[in-house]
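What follows is a single structure, written as structure tokens, with notes after it.
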Amino acid sequence: MVLLHETPTPKTCAPWQPLAGAALLDALRGGRSSRPSVEGAFALRVRGELSDRCGELLGTSDVAPLTLDRGTVARGYRLSERGDLSVELLRHIFTSTIFQLQVHAGPSADAIEDAKAVLEADPSRRPLLEYLATLAPAVRRELRDAISSDARHLAERWPSLNPMWLPRTGVSMAVDLDGGRVRLRGTCDLMVGIPNRSSASVCMVSLKTTPLTSFHRDEARYLALVETARCGVPPFRIATYSTATGELHAEYVTEALLKDAMEHTLAAVTAPAGVPAP
């Protein structure tokens, strides 16, 4: 007897869904019982080691002060001038501003206009808004649609943060090395957690409006290094979130991670000059 078997129907995987709400918050925070620790003495000497090695790389020559930021370090070149204004930069700045407003006040009924009002109140943003006014109507509509999508995704997915966690947005950081010949600088879109001088307790979050790449991971690690160098205590966790796709990349800050970020940073000290991407 020949038995006939039906070919089993292949099982299809459920479509990937971006994390949202409590699930996104859990991914940001990680498992509380498995947090790695960075040896305290290493964290305290990060700044000194960076400064000494910058001095070795630059030698005794009289060089102009070098400024490094997360974009130049991740992409392997020094900062010469800021990049030209672009539609991509406009989207990033508007979405970042919407994100900051939402963190502190919740989603807005007209997020774009609220963000524009914030930017108009900042004199340093005048060139950006003047550039916006020069765009063709079709380009402005496309840009508005993209920002509206970012704002909607943030409103739908981003969790509310307990005020007791001290959420801080747009945190500027800077560290001078080798007697001021090298400056590390950066801005963290969101820092959460109560600063603690004796143990890692802060989560640092970077916001992106593009799909995530390895460059974004290296940028986040650079910010963790700058935070460690400026205060002697590393963050316990770093994360990068994309409003375009809902992707989240989060990892614990370890001694190995900081050493890797240090090598990337030192490589940029002697790299050729370049213009960072937004």
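The values are calculated or read from the model by the stated rules, or taken from the named source; none is laboratory data. These numbers were taken from a predicted model, which means no experiment stands behind them. Neighbour counts run over all protein chains shown; Cβ positions are idealised from the backbone, glycine included.
Can you work out which of the residues in the range 193-243 that are of a type in the set (Val, Ile, Thr) and over 19 Å from Ala20 (Cβ atoms) is modelled with the lowest pLDDT? Looking at the filtered set, the residue picked out is Ile194. Pairs please, first residue from the range 219-241 and without any contact (Cβ under 8 Å) to a residue 60 or more places away in the chain, second anywhere and of a type in the set (Asp, Glu) and assigned to a helix (DSSP H, G or I), Cβ atoms under 8 Å, 6+ apart in sequence or on different chains. Note: pairs meeting the criteria are Arg221/Asp260; Pro235/Glu227; Thr240/Glu219. Scanning the range 187-205 for residues that are of a type outside the set (Val, Ile, Thr), without any contact (Cβ under 8 Å) to a residue 60 or more places away in the chain and outside any loop (DSSP other than H, G, I, E, B) yields Cys188, Met191, Met204. Is the range 137-146 home to any residue that is in contact with a His (Cβ under 8 Å, 6 or more places away or on another chain) and charged (D, E, K, R)? Within the range 137-146 (the criterion being in contact with a His (Cβ under 8 Å, 6 or more places away or on another chain) and charged (D, E, K, R)), the answer is no, since none of the residues qualifies. The residues of the range 210-235 that are surrounded by 24 or more Cβ atoms within 10 Å (Cβ to Cβ) and not in a helix (DSSP H, G or I), listed by number, are Pro234, Pro235.
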